[in-house]
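Heads up: the structure comes next, in structure tokens.
The values are calculated or read from the model by the stated rules, or taken from the named source; none is laboratory data. The structure presented is a predicted model; accordingly, all values stated were derived computationally and were not measured. Methodologically, a virtual Cβ is constructed for each residue, glycine included, from the backbone with ideal geometry; neighbour enumeration extends over all protein chains shown.
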Amino acid sequence: MRLKLLLTSITFCLFNQLSVAQGTFKFFTEKADIPKDLLKTRSVVFMNVNSLDWEKEAAKIHKSFREVGIDAVAYYALSDILSGHDATNAFYRDITERSISSMIIINKESDEYAAYMADIPEGGSFFVPDMEVYDLRAADLEALGAKIVMKAEQADLERGNFLIIDVPEIFQRTNVIKTRRVADFNPDLRIDKLAVPKFENSVLLDGDIDAMNAELDSLLKDNYPFRYGLVDPNITDEELISNGYLMVLRKLENNVESLKRMLGYELKENETIHISTRKGQPDTITKIFANQNAHKYYVQQLYTKDIYLGNIWDAGISWQEALLNHITNLKADMRR
């Protein structure tokens, strides 16, 4: 079968290999004082430094944390944390179950580095509107670390952390699927109504939410062959079931390598290009670089929590492309 090749340019969009965004976090409210319990609690560090070797950058800032008494027990890429519903839930559960109550974001901005410090909110999300955050800025990580040490010492914080690890503990792109993983489509979609969460304002999402949801509804109406309904993104699984839904559409967004790790796909060593397919006459093939941002849709069964990924890798560079890929491949599978 003749293949239609779509070669994508090497660009970093909203996300790149390990960078979510550069600029201001919308949900943050500036706090005047450094968190008073920073030297008595365990902290998680989210790195967003626009570097392929973010682990090396983490080592630079960890020296300062250790010097002043910040017990940074886990380091993650911020892009992994913000990949999507299932990823955020999995990371939040893993982190808070370790009795970690403070978080620090190390963010590379246009011409400087920033450190954002806050308590981890309760309720299952790392970011909530109007959360209070203390931030410091400097030209490089070494200067930022020195500033954190100075401000903590000036605040005369009570120190309770003394046994701090020498090097940062790095957590790389953990598999977020905790239930049965099915590399196929669920045939019950023919009869079960699919819940599709709407887009919502988030700490980094920049766009017209109403327009995005209108486009989402339009794409589904024109292409999805079965029953569906747009739902509140914060609705619980139990509420979905009580409203007559048995399936929910989920999406993750990250660089392709991280997406595949999170969703349990096998990765080949030194694989730099990943092939995404939309079935058709002819098939549409998109080549996406491993460090390029992409979106991947899948379906979760609400009772069993089983994940249905589809029978072919169908991520897209935009959410619209990824959604059309997944729906088109679903329809092709159902026609067999």
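Could you list, in sequence order, all residues of region 69-91 that are buried (at least 21 other Cβ atoms within 10 Å of the Cβ) and aliphatic (A, V, I, L, M)? ILE70, ALA72, ALA77, LEU78, ILE81, LEU82, ALA87, listed by residue number. Quick one: would you say ILE148 is over 24 Å from SER258 (Cα atoms) and out of contact with any Lys or Arg (no Cβ under 6 Å at 6 or more places or on another chain)? Taking the combined requirement at face value, the residue satisfies it.
Among the residues of region 253-276, those identified as buried (at least 17 other Cβ atoms within 10 Å of the Cβ), without any contact (Cβ under 8 Å) to a residue 60 or more places away in the chain and assigned to a strand (DSSP E or B) are HIS274, SER276. Does GLU109 satisfy the criteria of being farther than 24 Å from ASN254 by Cβ, acidic (Asp, Glu) and not assigned by TED's automatic domain parsing to the domain that holds GLY264? No; evaluated as a whole, the condition is false for this residue. Residues in region 176-219 that are among the hydroxyl-bearing types (Ser, Thr, Tyr) and either part of a loop (DSSP other than H, G, I, E, B) or under 21 Å from the mean Cα position of the chain (by Cα) (or both) were compared, and the one that is modelled with the lowest pLDDT is SER202. Looking across region 231-242, the residues that are in a helix (DSSP H, G or I) and loosely packed, with under 12 Cβ neighbours inside 10 Å come down to GLU238, SER242. The single residue among TYR303, TYR297, TYR228, TYR245 that is over 18 Å from the mean Cα position of the chain (by Cα), of a type in the set (Phe, Trp, Tyr) and crowded, with 20+ Cβ neighbours inside 10 Å turns out to be TYR245. One residue stands out in region 102-131 among those that are outside any strand (DSSP E or B) and among the aliphatic types (A, V, I, L, M): the one that is modelled with the lowest pLDDT, namely VAL128.
Answer with yes or no whether LYS56 is in contact with a Gly (Cβ under 8 Å, 6 or more places away or on another chain), of a type in the set (D, E, K, R) and closer than 27 Å to MET150 by Cβ. When the stated conditions are applied, LYS56 does not pass them. For the structure I just gave you, tell me whether ASN291 is assigned to a loop (DSSP other than H, G, I, E, B) and modelled with pLDDT of 95 or more. No: the conditions fail for ASN291.
On the given criteria, is GLU142 within 20 Å of ILE81 (Cα to Cα) and of a type in the set (Asp, Glu)? The answer is no for GLU142.
Tell me, please, whether a residue that is modelled with pLDDT under 50 and either farther than 30 Å from ASP156 by Cβ or of a type in the set (Val, Ile, Thr) (or both) can be found in region 33-53.
In the first step, residues of region 33-53 are kept if they are modelled with pLDDT under 50; the result is none.
Checking region 33-53: not a single residue is modelled with pLDDT under 50 and either farther than 30 Å from ASP156 by Cβ or of a type in the set (Val, Ile, Thr) (or both).
Checking the structure you have, find out if any residue of region 275-297 is among the charged types (D, E, K, R) and within 27 Å of GLY244 (Cβ to Cβ). Among the residues of region 275-297, at least one is among the charged types (D, E, K, R) and within 27 Å of GLY244 (Cβ to Cβ), which makes the answer yes. Is there any pair linking a residue in region 236-252 that is over 10 Å from ALA195 (Cα atoms) to one that is of a type in the set (D, E, K, R) and crowded, with 20+ Cβ neighbours inside 10 Å, with Cβ under 9 Å and at least six apart or on different chains, and which? Hits for this filter: LYS251/LYS296; LEU252/ASP86; LEU252/LYS296. A search for C-beta distances below 9 Å between a residue of region 41-61 that is at positive phi and any residue that is surrounded by 17 or more Cβ atoms within 10 Å (Cβ to Cβ), counting only pairs 6+ apart in sequence or on different chains, returns ASN50/ASN16; ASN50/GLN17; ASN50/LEU18; ASN50/SER19; ASN50/LYS108.
Looking at region 70-90 only, could you name the residues that are outside any loop (DSSP other than H, G, I, E, B) and under 17 Å from PHE25 (Cβ atoms)? Within region 70-90, TYR76, ALA77, LEU78, SER79, ASP80, ILE81, THR88 qualify. Checked against (1) in contact with a Lys or Arg (Cβ under 7 Å, 6 or more places away or on another chain); (2) part of a loop (DSSP other than H, G, I, E, B); (3) more than 19 Å from ASN311 (Cα to Cα), PRO225 passes all but a single condition, namely (3).
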